[in-house]
Amino acid sequence: MKYPVVDAQITPDGRLDVLSKAEVNKLFDSSQGDLYKTFRNCSLAVLNCGSAMDDGKQLLERYPAFDIRVVQQQRGIKLEVKGAPAHAFVDGKMIKGINEHLFAVLRDIIYVSDEISDNPKFDMDSSDGISNAVFHILRNANILRPMINPKLVVCWGGHSISRKEYEYTKQVGHEMGLRGLNICTGCGPGAMKGPMKGATIGHSKQRVKDGQYLGITEPGIIAAESPNPIVNDLVILPDIEKRLEAFVRTGHGIVVFPGGAGTAEEILYLLGILLHPDNKDMPFPLIFSGPDSSEAYFKGIDQFIAGTLGREAQQRYQIIIDDPELVACEMLEGIKKVRAFRKEKGDAYYFNWLLKIDRVFQQPFIPTHENMSSLALHKNQESHLLAANLRRAFSGIVAGNVKDDGIRAIEQYGHFEIHGDANIMKLMDSLLASFVEQHRMKLPGKKYLPCYRIIT
């Protein structure tokens with residue numbers, strides 16, 4: 001089947017209009033093939049905004065002739081695209097929001113390559129060095145907002161959710177927008193789009209003209225979760241671990257909506273960090289919420305956390321069912337405590353430097369079959385370390401479900417095999433089975449073929 005495509009030259013709209021000749025040459029030098037591949041694939045994902053697709057491999061195969069080049073000019077740069085998805089254009093002109101996202105991709109890919117990778121200034125073998133790199137990437141993207149009180153709420157949740165759940169995320173976003181809170185999500189569809197959409201209405205009613213709708217993504221997931229057009233600040237981190245760190249260091253509180261394996265990964269990441277002894281007294285509002293139809297979903301999540309991480313982890317969040325106004329009010333009260341704590345400790349409002357993130361949560365995890373089968377999924381370790389390994393297991397399942405490299409690995413070598421203590425494996429198998437039954441692994445209408453096998 002052929003899909004309509006467009007060839008065009010795109011001018012930046014105030015986001016990035018100058019690159020050095022060396023930067024352009026580096027991007028397209030044959031010796032920098034991986035850099036160009038990352039740039040091309042992320043650009044195609046951005047241009048695919050609005051498409052009902054959550055398969056990175058399928059996206060690349062649908063537009064095999066897609067190409068993008070930087071055109072160097074005396075007065076700046078342009079991007080030349082060939083074979084781009086036609087739905088990114090209206091009357092022959094690229095949608096403005098997509099234009100901005102496209103140049104954000106270029107900005108972040110170039111910056112990480114030139115200023116972060118192989119730069120001795122950033123010790124990527126140390127926890128502090130990684131956090132410093134995350135900060136610099138965010139600062140370069142101009143998304144950190146100093147001199148304002150904390151008000152950024154991170155919203156996590158799945159791209160494959162029911163219509164009722166999606167409408168609920170909008171209602172929560174609306175209530176938060178009415179209270180002047182800004183929204184940060186993984187920038188894709190579903191529970192990532194709904195809160196932003198609701199907040200725009202709330203902000204409009206309150207005449208908030210500088211509302212922030214921050215999208216944080218990474219090259220591996222962006223094809224499955226193309227940035228939605230409401231995002232007015234987009235930043236691409238190098239990998240999932242740095243993406244997750246960006247969420248928890250920039251956000252002042254987190255609301256979790258229903259989701260699948262990716263949402264479970266995010267929950268385990270944050271709980272693992274909050275379970276570290278150094279973070280025991282740090283306020284960090286965390287709310288799980290959905291409509292009445294999602295009550296069983298959150299009961300399953302709560303039971304899994306109780307059986308793996310224990311009561312201490314359960315005490316770090318609250319579950320609110322079918323009450324958008326209460327979610328917004330509780331989050332607002334929680335953020336007031338965050339502000340008081342940061343003010344007392346002298347920590348920045350725009351980046352949580354005091355949050356202790358153990359190195360095990362920062363090391364990039366490559367979900368190969370060998371790495372997945374050798375995860376330490378047992379209770380003979382500290383709770384925050386178990387959380388880190390459980391997070392990796394769910395991260396691998398996400399890769400096998402929607403990421404190009406993960407899908408190809410499953411096609412070549414078969415299922416990921418996940419081993420561990422019998423009780424933990426039973427809990428994980430039950431939770432994943434509920435995700436499959438509730439159609440949370442893939443978009444509706446697509447048959448889900450598991451990429452994993454639980455071994456007890």
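The values are calculated or read from the model by the stated rules, or taken from the named source; none is laboratory data. As the structure is a computational prediction, the values presented were derived from the model and not from experiment. In this analysis, Cβ positions are derived from the backbone assuming ideal geometry, glycine residues included, and neighbour counts consider all displayed protein chains. Remember, those area values only see protein heavy atoms, side chains included, never the ligands or the DNA or RNA. Shrake-Rupley method; radii C 1.70, N 1.55, O 1.52, S 1.80 Å.
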Order 425-435, 82-92 from most to least packed using the mean count of other Cβ atoms within 10 Å. 425-435, 82-92
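Given the DSSP H assignment, sum -39500 (n - 2.57) over each helix run of at least 4 residues in the chain and divide by its residue total; what's the result at 222 nm in deg cm²/dmol, nearest 500? Walk me through the numbers on the way to the answer.
Working: 16 runs with 204 residues, N = 456.
Counting only the DSSP helices, I get -14000 deg cm²/dmol.
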The chain - percent of accessible surface contributed by carbon and sulfur, probe 1.4 Å: 48 percent
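Return the tail of the calculated pair distribution for the range 80-212, meaning the percent of Cα-Cα pairs more than 24 Å apart. Before the final figure, lay out each step's value.
On the way: 4311 of 8778 pairs.
Tail of the P(r) past 24 Å holds 49 percent of the pairs.
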Using a Förster radius of 30 Å, what is the FRET efficiency between Lys2 and Val71 based on their Cβ-Cβ separation? Nearest 0.05, please. 0.65
Using alpha-carbon positions, what is the distance between the centroids of the range 356-421 and the range 195-237, in Å? 28 Å
Roughly what would the spin-label model give for Ile95 and Glu333, points 7 Å off Cα along C-beta, in nm? 3.9 nm
As a test of understanding, state the convex hull volume per residue of the range 248-345 from its alpha carbons, in Å³. 92 Å³
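Report the full-extension gain for the segment Leu144 to Glu115: residue separation times 0.36 nm, less the Cα-Cα distance, to one decimal in nm.
Numbers: separation 29, 0.36 × 29 = 10.44 nm, distance 1.83 nm.
Extra length from Leu144 to Glu115 when fully extended: 8.6 nm.
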Under 8 Å for C-alpha pairs, at least 6 residues apart: give me the relative contact order for the range 133-264, rounded to a whole percent. 33 percent
Kindly flag which residue pairs out of Lys242/Lys447; Lys151/Lys242; Lys37/Lys242; Lys82/Lys170; Lys242/Lys345; Lys151/Lys205 have an alpha-carbon separation exceeding 27 Å in this structure. Lys242/Lys447; Lys82/Lys170
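May I ask you to derive the relative contact order of the chain, considering only C-alpha pairs under 8 Å and at least 6 residues apart, and to give it as an integer percent?
Values: 836 pairs, mean separation 74.0, N = 456.
Over the chain, the number comes to 16 percent.
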Give the lysines reachable from Lys379 as a straight Cα distance under 17 Å; neighbours fewer than 8 places away on the same chain don't count. Lys426
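Can you give the Rg to Rh ratio for the chain, taking only C-alpha atoms and Rh from Kirkwood? Don't skip to the answer; put the middle values down first.
Working: Rg = 21.1 Å, Rh = 22.4 Å.
My calculation of the ratio gives 0.94.
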Most packed first (mean Cβ within 10 Å per residue), the peptides 265-273, 296-304 order as 265-273, 296-304
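Which whole-number value in Å² is the accessible area per residue of the chain, probe 1.4 Å? Intermediate results must be reported in sequence, preceding the final value.
On the way: 19130 Å² over 456 residues.
Heavy-atom accessible area per residue stands at 42 Å².
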Under a plain spin-label model, where a point goes 7 Å from the Cα along Cα-to-Cβ, how far apart in nm are Met124 and Thr11? 3.7 nm
